[in-house]
Amino acid sequence: MATNASPSPQARIHFEDAFNRFEQTVNFDDKREFQLTTLKDVREAARQIERDLGDRGCLRNMRRLQPFFDGLDRYSKIIEVLCNGTPYLPYIWAPVKLMLKLASDFMSSFDKLIEAYVRIAENLPRFDRLSVAFQNTSDFQQVLAMVYSDILEFHRRAYKFFRRRGWSCFFDSTWAQFDRRFSGILQDLAVHSDLVDKEANAFHIFQAAEMRSRADKEISESERHRSSSQIQAVNVWLGTNLALLHDELDRLANHCYPGSTDWIIKSSKMKTWLQNRAGQPICWLVGKPGAGKSVICSKLIQDLQNNQQCSTIFYLCSHFNTSPNEAAQILRSLVSQLVQQSPDLVPYILDECVSRGVPASGSQLRNMIPKLLMGFSSLRIVVDGLDEIEESQQQQVLSDLIDFATKPLDPGSSCKILIASRDVAAISRFLSQKTVLSLGGDLQAFQTAIQPYVHHELNRLKKSLSDIEVEQTTMDIIEHRLVEKSDGMFLWVRLVIATLDASYTIPELLKATETLPDGIERAYGRILEYISSRLHPKQREITVQILEMVCFARRPLKPYEIQSAIGLGQHGTTFHIGTTASETILDLCRPLIESGPRDAVVFAHFTVKEFMLHTTSGPFITALNAHKSISFTLVSYLCSSFALIDPQVQNEEKVVHIAKGAHSLHLYANEFWVEHVLEYIEAGIESDQRILNPVLERVLDLCDAHDCLALPTDDTEKGEELAGHDSQLESHPALQKLGANLDIRGFLEKTMDYRGKRHELQLQASGDEALPILDPELDPSMFSKLRFEYIRLVQHIISMSHVVSISDTQLAKFQQTEGKSAFVCRFQGCLRSTDGYPTASECEEHELSHVRRFYCNEPSCPFKRIPLSSNTALQQHNQTYHAEKYGIDTSTTFRGKQVKNYLKSAKIESFQCTYPGCSAQPFQTQYLLK
């Protein structure tokens, strides 16, 4: 049936674009095989597969493919002349052979694939009816090219699906997504077939092209929206926040001086780890504190992510963010990143875990991750700072990671893991026999790498002494001394150069470098010695107080919280406008502290805390003095905070006080004052002490101030009933020491009772409401009302453009600092309950992580991906839509007949939007249409 016609320019473009798009996804070996495959080869391969299935007792009626092969045969004869001199023609049938072979080992996927080919055959044009004269027109050739594009688009997506690693593990979950796109391809093919049968003109072709473009756009938009919603559902299930992790990665990477990590990344052991070749999959990056392990890891992670030759996931352990089950938290973070890099994994997790209400526990994730890893050809996992978490958690993490790295993967797959830590016994037992990359092993290479960094920092120091002339030879001497004494520690260099800022003459500078401290501990010691001997007593007191707060705070504090706390200590025991300290006060503690994640104040290295608490430093600070100072500060603030709910104080006055920073400490103080007081009492108060110390006196003052405003109401009486009396509190060691101080003990017990019961009720009710939050009026104490009012006023202030008695500059500063945490989580005990989000939408999205979702487990249910808010709702859903399965006879009721008819229609009908101008695809159910 072929003619001597040549393709029109429009048809040629369609053929070429479709071919190139498909060819780009095909690997080299498959390309060569496709070019050599004939339709006869495909038919023979199908017959051979049928024989193999028969031997296995799995016959699948392969004759169903005959109309498909016949349709391709007729179509190939029509377009043969249009494809002369090109490799286009074999691509309409060659992929079928490969797909059938790949799917034949998995019967469910094989059945779905054959069904897809049958559906394509049903939508192919009737080429045997065509007029020979009509085949040579440019319009008709363009339609033929469109059909070619439809066939190759199916092959392209099927090829990507079946060539993806681990596809068989996730087939049932991911085929549904493929099927949605396939339905769009079939719709295009049906339209183009109709054009062929009608021998369409240019106008019809233009309409078809426009329809196809619009439909493709709508399907792509629908897929993006669905994918985004499903990823969000998985992240809610995992309860992870990757933004914080990436913020910390950026912070560490910013410490990296250009070129300073090249020497280790270019080492032979690191190069071997980076390559996909077989070998030891685990590498241990070990070094002393301050050697730059975290900076090296952060730079390596960013390089790997930018290079994109392999997928990279990571976790940065921190002594600040450790949880009782840090090992499970690490697994949740890794799974969240795997999902982010391969969204095709999402349907599998939704079906296997989320929709079944399975919790994201450590054991569940340990079973899941090896299956997820099968979807990656090349993966690198980097875990930094493992020595900063508890020893028991270290062992669990190492056991998990080694198990992942040694599990058999698909041939050619590569999963390698890098672990960075100090050389501690618990980790060495696991990793000493692995590839060990020691940062102290090549001192000459390290000195070469650190010299540019030292040179850069000394130039900065020289500029600060610009009013006096410093000869270059002097700077060269200092640079040589620093490089020689650094002993493989970047942190040591940073600390020591910071101490040189206190030198104001050339002799002082040279003398300071002649007696440089050996090692990181002596560097810390020199800084603390400077604080003790050279600072004014008042400055020394402030510095110690800041270091105590950074060391023992229940979460990392923001600068404005520390400024507020220090201001109180310097201006008596009552907060008022003007007591907040200047932000420059934090400079007293540098370089021991720095800005951390979410602008919080953290130590420059976790060993700073270790050293200050160790007897080597004195100890410089003690837990007893720290809790005493922090407790006194928090309770003193709270004594002044009741003005927020005092009806005699005008709302405008409250706004001014908050905007000027008088209540910047409120969220932290309100949430954690009890814990700090109890820790102080337990550590430093004698049993049955009758003489009150300053902290207990302030607690008694707080009790009095509280009772002045706490008038009993019906709600508070209900709250007292809710709190009841927890007998476990009687055995609390701290409360037992307050036997003689009944007022203080009763006040603490009442506060602890309510908070404990509130948290318990929130956990129990977390599946029954959107978010189980108790009314602040139920709190028999005033602290819930205080918190509620403070949050309300802060959110009001950040929405204001002007506040009376507040300068625009001061208002803008408040909005830029405290406004970043204005919307806090309402779930007690959550880290975000005192360090929130800048917008309500972000906070609401986070709060969903505290809500358990329930899903229907019936595979054919059209609602199985729609979350239900509670177990009660799930039971009601099952009784309504799956009554027969649960033994409920509803066949004689009107509702039962209605539901039965509805479910039947949901499986065979589609529902089209009737809104004028809407061109959305038909919906599967009426529910989704609404």
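The values are calculated or read from the model by the stated rules, or taken from the named source; none is laboratory data. It should be emphasised that the depicted structure is a prediction, and the values quoted were computed from it without experimental measurement. Ideal geometry is used to build each Cβ from the backbone, glycine not excepted, and the neighbour counts take in all protein chains shown. Accessible surface is based on the protein model in full, side chains and every heavy atom, while ligands, DNA and RNA are left aside. Shrake-Rupley method; radii C 1.70, N 1.55, O 1.52, S 1.80 Å.
The figures follow:
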item: The range 445-507 - convex hull of the alpha-carbon atoms, volume per residue in Å³; result: 76 Å³
item: Isotropic mean projected area of the C-alpha convex hull, the range 237-441 (nm²); result: 11.0 nm²
item: Relative contact order (%) - criterion: Cα under 8 Å, at least six apart; region: the range 291-404; result: 43 percent
item: Long-range HN-HN contacts of Val382 with modeled amide H, under 5 Å; result: Ile313, Phe314, Tyr315, Leu418
item: FRET E, pair Gln48, Gln876, Förster distance 56 Å, beta-carbon r, rounded to 0.05; result: 0.60
item: Environment charge of Thr448, counting only residues whose C-beta is closer than 14 Å and scoring Lys/Arg +1, Asp/Glu -1; result: -3
item: Calculated FRET value between Arg21 and Cys708, using beta carbons and R₀ = 51 Å, to 0.05; result: 0.10
item: Equivalent ellipsoid dimensions for the range 780-828 as semi-axes, Å, which come from the Cα gyration tensor, largest first; result: 24, 12, 7
item: Extension gain, Lys538 back to Asn276 (0.36 nm per residue minus Cα-Cα distance, nm); result: 88.4 nm
item: Selection from Thr513, Val544, Pro556, by position along the positive dipole direction of the range 487-575 (Cβ); result: Pro556
item: Built amide H within the under 5 Å cut-off of Ser414, gap 5+; result: Ser378, Leu379
item: Along each principal axis, Cα extent of the range 473-618, largest first, Å; result: 54, 30, 30
item: Quotient of C-alpha Rg and 2.2 N^0.38 Å, computed over the range 20-123; result: 1.10
item: Long-range amide H partners of Val436 with built H, under 5 Å; result: Trp284
item: List Lys288, Lys40, Lys750, ordered by accessible area with a 1.4 Å probe, largest first; result: Lys40, Lys288, Lys750
item: Theoretical gain in end-to-end length, Glu508 to Ile477 [0.36 nm per residue, Cα-Cα removed]; result: 9.8 nm
item: Cα-centred dipole magnitude for the range 445-507, charges only on beta-carbon of K, R (+1) and D, E (-1), debye, nearest 20; result: 200 debye
item: Residue-count net charge about Asn651 - beta-carbon cut-off 12 Å; Lys, Arg +1, Asp, Glu -1; result: -2
item: Translational D in µm²/s for the range 413-467 (Stokes-Einstein at 25 °C, 0.890 mPa s, Kirkwood Rh from C-alpha pairs); result: 165 µm²/s
item: Karplus-derived 3J(HN,Hα), 6.51/-1.76/1.60, for each residue of the range 534-542, Hz, glycine and proline x; result: 10, 7, 4, x, 5, 5, 5, 4, 5
